[in-house]
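Written below as structure tokens is the structure these notes are about.
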Amino acid sequence: MHELKIETLNRHTCQILSGPQLLKKAGALISNAVSSSRAVMVTDSNVGPLYAQQIIDSLSAEGTQVEVITIPAGEENKTLATASGIYNTLAAMYIDRGNPLIALGGGMIGDLAGFVGATYLRGLPLIQIATSLVAQVDSSIGGKVAVNHENLKNQIGTFYQPFLVLSDSSCLKTLPEDEFINGLGEVIKSALIMDEELFNIIENGMELIKSRNEKTLDKVIFRSARVKTSVVEKDEKDKGLRQILNFGHTIGHAIETCSDFNISHGRAVAIGMVLASKASQLLGLLSQSDYERIKNLIRRSGLPVTLPDVKADDIIDVIKHDKKIKGGKINFILLTNPGAAVISSDVTPEIIKEVITAP
Ligand code: GLY
């Protein structure tokens, strides 16, 4: 089992544990983080049937009674209306401020249940049990919790650090292939921005990773989570350094939007990472051979590396309206080599157009 820690601004420690077969020990690990005779678990209709009972049994052996709230799976349910339904159930259960709320699932549950945990009674002790690769390497760590509202994605939310994040790599056996590959995009992003050794591990071990070899996955989950943890600890409230986690996202978001969301976030960001690497190369920061290595690695992961059938001008338009643009300059994340990112304001819409239209 690997352990990481974030000393949070709220003066509590967020413990991040990863490894195989962790759910079997969930009861003891949760009780150690937050001791209570009652807990409530929020999960979804995909994950709950697979893993909830194991955790209930394990917590019961520690003397903790768990009540479960199951919501329908799917990002479209990450809404204030769903949160409102959960508030009603928590009230009917007489949950009090000492009872931990356990979010069991992937990114959607982590965000939604985290948001409820942050706001109900002004905050319940939060435990994140991450079951998808994206959640294990990225979204369960960092404290940002949110719901979607009309066409505002993740814009109604707050920062709320969990006491414990549990990432059981054995859960990845049941993860649909598509979601697994999206998660690989986040693993590659972590390597590219901060961990050259992780980049080498993925380059040499891609086949083992894709066959979900437990030992290799364990290593890459830990190293990716370590990247996220170290960035969050230095910039918990997203004032500066955290921007590097957006590597590939400026162009990626624009691709998602221009495709009318027919291209998933993970796939759009993968193309965005390739194009941001190309921009780094055009600006003389990254060598041609490193650019080729990065593109090749992303291709081998099963993620796309070239733009789909969307117009370059449409992408530029979306980027120009991006909220992150200040004074015509975009805060863009570039690479100097695989494993080192810089925040640059030298990338103009013209450079992006050149990158997009480059052969
Ligand atoms: N919950 C994701 C983050 O804080 O980055």
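Every number in this text was worked out from the coordinates using simple rules, so none of it is lab data. Because the structure is predicted, anything quoted here is derived from the model rather than measured. As a convention, Cβ positions derive from the backbone with ideal geometry for all residues, glycine included, and neighbour counts pool all protein chains shown.
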> In terms of the ratio Rg/(2.2 N^0.38 Å) built on C-alpha atoms, what value belongs to segment 134-274?
Replying inline: 1.05
> From Cα coordinates alone, what are the radius of gyration and Dmax values for the chain in angstrom?
Replying inline: 20.2, 63
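Taking every DSSP beta bridge with both residues inside the chain, roughly what % is antiparallel (nearest 5)?
Bridges in the chain that DSSP calls antiparallel: roughly 40 percent.
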> When the chain is fully extended, how far beyond the present Cα-Cα distance does Met1 get from Gln54, taking 0.36 nm per residue of separation?
Replying inline: 17.2 nm
>> Quick check: pseudo-label points 7 Å beyond the Cα along Cα→Cβ at Thr13 and Ser230, how many nm apart are they?
In response: 2.0 nm
> What spacing in nm lies between the two simple spin-label points modelled at Asn200 and Ala358, each 7 Å away from Cα in the Cβ direction?
Replying inline: 2.6 nm
> Going by how many other beta carbons lie within 10 Å of each one, how would you line up Glu179, Glu350, Glu256, fewest first?
Replying inline: Glu350, Glu179, Glu256
> What is the sum of charges around Gly123, taking Lys and Arg as +1, Asp and Glu as -1, for the other residues whose C-beta is under 14 Å from the C-beta of Gly123?
Replying inline: +2
> For segment 101-162 and segment 192-263, what is the separation of their C-alpha centers, rounded to whole Å?
Replying inline: 18 Å
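Can you tell me the length gained on complete extension of the stretch Arg122 to His321, counting 0.36 nm per residue apart and subtracting the Cα distance?
68.2 nm
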> Say each of Thr306 and Asn213 gets a label point 7 Å from the Cα, pointing the same way as Cα to Cβ; how far apart are those two points in nm?
Replying inline: 3.1 nm
> In terms of the ratio Rg/(2.2 N^0.38 Å) built on C-alpha atoms, what value belongs to segment 1-145?
Replying inline: 0.95
> Over segment 50-167, what is the relative contact order in whole percent, taking alpha-carbon pairs under 8 Å and six or more residues apart?
Replying inline: 22 percent
> Do you know the relative contact order of segment 152-241, to the nearest whole percent, from alpha carbon pairs under 8 angstrom that are 6+ apart?
Replying inline: 28 percent
> Cross-link list Lys189/Lys353; Lys144/Lys311; Lys189/Lys219; Lys237/Lys295; Lys278/Lys320: which exceed 26 angstrom alpha carbon to alpha carbon?
Replying inline: Lys144/Lys311; Lys237/Lys295
>> Can you give me the convex hull volume of the Cα atoms of segment 1-65, divided per residue and expressed in Å³?
In response: 106 Å³
> What number, in percent, do you get for the relative contact order of the chain if the mean sequence gap of Cα pairs under 8 Å and at least 6 apart is divided by its residue count?
Replying inline: 15 percent
